[in-house]
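A short worksheet on the structure shown next.
The values are calculated or read from the model by the stated rules, or taken from the named source; none is laboratory data. Bear in mind that the values here come from a model prediction, so they are computed numbers and not experimental data. Heads up, the Cβs are rebuilt from the backbone with ideal geometry, glycines too, and the neighbour counts pull from every protein chain shown. Note: accessible area is taken over every heavy atom of the protein model, side chains too, but ligands, DNA and RNA are not part of it. Shrake-Rupley method; radii C 1.70, N 1.55, O 1.52, S 1.80 Å.
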Amino acid sequence: MCGIVAYIGNKNAYPIIVKGLKRLEYRGYDSAGLALLNGDLNIYKIKGKVSQLEAFAADKDLRGSIGIGHTRWATHGEPNDINAHPHLSDNGRLAIIHNGIIENSDSLKKLLTRDGHTFTSETDTEVLVQFIGSVQQKYNLPIEEAVRQALGSVIGAYAIVLIDKEDPTKIVAARKGSPLVVGVGDSEFFLASDATPIVEYTKKMIYLNDEEIVIMDRDNLEIKTIANIPKKPEIQEVELAVDELEKGGYEHFMLKEIYQQGQTIADAMRGRMSHIESWVKMGGMEEYEEKFRKAKRLIIVACGTSWHAGLVAEYLFEDLARVPVEVEYASEFRYRNPILTEEDIVIAISQSGETADTLAALELARSKGALIYGVVNVVGSSISRLTHAGSYIHAGPEIGVASTKAFTGQLSIFTLMALYLANAKGTISRTYFQKLLNELTIIPGKIEEILKQNDQIKYIAAEIKNSNNAIYLGRGFNFPIALEGALKLKEISYIHAEGYPAAEMKHGPIALIDEKMPVIVIATNKNAYEKVVSNVQEIKARKGIVVSIVAKGDEQISRLSDYTIEIPPTEDPLAPLLSVIPLQLLSYHIAVMRQCNVDQPRNLAKSVTVE
Ligand code: F6R
């Protein structure tokens, strides 16, 4: 969602801001803009991509060593030039960029209109800047005081950055509910929605907390809360290499990330298990081992692909560690007055660590006294800072909007967590524990084997790319993978797709099957294999096009299928780590063939920071 980049220092701000906005493109947006201070306050903004903004600004005055830039993902008002950020106060003095939603913007707008203010856009952001401007004017305040006092009356979520034409030495920013990171350079500071636009200039970052305001000139930085309590800036070193943010020779980030998965799974497991010494260690769980062992229930909250990882985790924890699990959409959990006891553990899963619904669900769980645990990719993100403990998945930056390597990273962590707990509770035999560890160790190699079948998968993609619909079926551990396969296809190729437990097909979806319907059947399970054979027969009897994902050596289902992708056999609990890979590739190729924007699908945002 909206991306923020700002700079104050001795260099020209424009190229830094434009490059930074390009780094943030992966978050998803529909318009872009920037403001530069150089005596004048120049604002350039446009509907469309950052490259269009560059072309638009090319012949304009681009001087200035203080600037703010923004990519907008529309909430209030359609994507157009006027609604794009930055927005200006009507006295022409303050410029603002904003990520989030101001919930009381309607009532603020009424007050401001009564006082004679006029508005040019439909956005809540313009209301906010007018409000801050009116407080500034009324009480004759410096910008930082106007921001602080105004925010006391603002309800909603925001990361905001402001500059003041009449005080052209400062940037003021604040956050509540939306992420904001400060990069600390040598006589220069950067601000951004995440570390990616900043790491090529400095690795020193300050992650702002909710209700904090930062005031910076070229040389100094000060942090205080909205309640005017000074805060000591905590600088952290971020380990993020610039080449992790590049495509590295791949045509798309998504393809790079699919191909990275052998490595990222190995990274997620590194130092957390040894098949030779037969142990699993999960640092985050150790401190709370007693609580995990005694937990009556694990509640997993997440959204989208991370929710699918939660469903796999449900199978893993229940099967291996014999603990009941509930998997909840974070957005639903929050609003249905959930019953929580101190014996419950709430686990949040999030690639970005910034998903607003997941954050809100965690805040609720925390307020009710539950232990909260995070399975997160982005280090230092809001969710990782809110939890009592957690495990990072260490997948590196995931830039493609469709989640791939983060998903298999999440599955790896949950496999280890379930094994750790099973071992601690004694619910798994030594032999099976060892068998799963041995098998986990060779999963990265098996992924490489699957990736070698890219050409075959591409061929199948070409055969079904013109379909309007698709059904994905799986059973047991592979049921969530059917959901994930369907989500991957719809989000990047815009083909309508649904995932079902294979046996559920005859309770409704079978009515959709005809000779035009591709049915992707994930049939690698040892458990209930014969039942899946029957399901495939039922599809063929209705002339559906069967694409099956089977374990190498399979004969029965392959014989019945129109197209088959063979993957190396593995134990059922580990099957999702392998069976999802061909589905990711299939969606990728179909989307490329349909000329879709694979890395930035329409309407989607990578980091969903509004509820
Ligand atoms: C789908 C996808 C989304 C995210 C969801 C949650 O490919 O990426 O469904 O999984 O928006 O995001 P995180 O994991 O960042 O909380």
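May I ask for the angle, rounded to the nearest 10°, between helix 356-367 and the longest principal axis of the chain, with both axes built from Cα atoms and the value confined to 0 to 90°?
90
About the Cα centre, and with charges only on the beta carbon of Lys, Arg (+1) and Asp, Glu (-1), how big is the dipole of the chain? Nearest 20 debye, please.
Working: 66 positive and 78 negative charges, 124 e Å.
Magnitude of the dipole: close to 600 debye.
Rounded to the nearest whole Å², what accessible area per residue is found for the chain with the 1.4 Å probe? Don't skip to the answer; put the middle values down first.
On the way: 23160 Å² over 611 residues.
Ligands and nucleic acids excluded, the result is 38 Å² per residue.
For residue 543, which lysines qualify as cross-link partners when the Cα separation must be under 27 Å and same-chain residues fewer than eight apart are set aside?
Partners found: 458, 465, 488, 490, 506, 516, 526, 531, 552.
Apply the Karplus curve 6.51 cos²θ - 1.76 cosθ + 1.60, θ = phi - 60°, to the phi angles in the range 259-274 and return the couplings in whole Hz, x for Gly and Pro.
After applying 6.51 cos²θ - 1.76 cosθ + 1.60, I find 6, 6, 5, x, 6, 5, 5, 4, 5, 5, 8, 4, x, 10, 7, 9 Hz.
Rounding to the nearest 10 and keeping the result within 0 to 90°, find how far the Cα-based axis of helix 454-464 lies from the longest principal axis of the chain.
Roughly 90 degrees, rounded to the nearest 10.
Taking every DSSP beta bridge with both residues inside the chain, roughly what % is antiparallel (nearest 5)? Don't skip to the end; give the middle numbers.
Details: 63 of 105 bridges.
Restricted to the chain, the bridges split so that about 60 percent are antiparallel.
May I ask for the distance between the Cα centers of the range 359-397 and the range 177-213, given as a whole number of Å?
If we compute the Cα centre of each part, the gap is 20 Å.
Tell me, what ³J(HN,Hα) does each residue in the range 119-132 have, in order and in whole Hz, if you take phi through Karplus 6.51 cos²θ - 1.76 cosθ + 1.60 with θ = phi - 60° and put x for Gly and Pro?
So the Karplus estimates, Gly and Pro as x, are 10, 9, 10, 9, 8, 5, 5, 5, 4, 4, 5, 5, 5, 4 Hz.
Could you work out what % of the accessible surface of the range 137-233 is carbon and sulfur, using a 1.4 angstrom probe and leaving DNA, RNA and ligands out of the count? Don't skip to the end; give the middle numbers.
Numbers: 1730 of 3750 Å².
Result for the range 137-233: 46 percent of the exposed heavy-atom area is carbon or sulfur.
Taking Cα pairs under 8 Å and at least six residues apart, what relative contact order does the chain come out at, in percent? Please report the intermediate quantities before stating the final value.
Numbers: 1382 pairs, mean separation 72.9, N = 611.
So the answer I get is 12 percent.
Got a sec? Charge dipole of the chain, +1 on Cβ for Lys and Arg, -1 for Asp and Glu; which of 207, 583, 529 is way out at the positive end?
529
Counting other Cβ atoms within 10 Å, which trypsin sites (Lys or Arg not before Pro) in the range 549-611 have at most 14 and lie in a DSSP loop?
Numbers: sites: 552, 559, 594, 602, 606; in loops: 552, 594, 602, 606.
The qualifying sites are 552, 602.
Report, by chain and number, residues whose modeled amide H sits under 5 Å from the one on residue 74, excluding near sequence neighbours (fewer than 5 apart, same chain).
Correct list: 30.
Using DSSP to define loop residues, name the trypsin sites (Lys or Arg not before Pro) in the range 305-384 whose beta-carbon has at most 15 other beta-carbon atoms within 10 Å.
322, 336, 368
Using θ = phi - 60° and the Karplus relation 6.51 cos²θ - 1.76 cosθ + 1.60, list the HN-Hα couplings for the range 555-562 in order, rounded to whole Hz, with x at every Gly or Pro.
Each residue's phi maps through the Karplus curve to give 10, 4, 6, 4, 5, 7, 8, 6 Hz.
Where the only charges are on Cβ atoms (+1 Lys, Arg; -1 Asp, Glu), what is the dipole of the range 453-601 about its Cα centre, to the nearest 20 debye?
Numbers: 15 positive and 17 negative charges, 54 e Å.
Roughly 260 debye, rounded to the nearest 20.
Can you list residues from other chains, or at least 5 along the same chain, whose modelled amide H is less than 5 Å from the amide H of residue 546?
Those lying under 5 Å, H to H, from residue 546 are 519, 562, 563.
Just flag the GluC sites (Glu not before Pro) in the range 479-549 sitting in loop per DSSP whose Cβ has no more than 12 other Cβ atoms within 10 Å.
Qualifying residues, ordered by number: 515.
Between 0 and 90 degrees, rounded to the nearest ten: what's the tilt of helix 479-493 against the longest Cα principal axis of the chain?
Long axis of 479-493 versus the principal axis of the chain: about 50 degrees.
Give the residue from 24, 548, 407 lying farthest towards the positive end of the charge dipole for the chain; charges sit on Cβ (+1 for Lys and Arg, -1 for Asp and Glu) and the dipole is referred to the Cα centre.
Of the candidates, 548 comes out farthest on the positive side.
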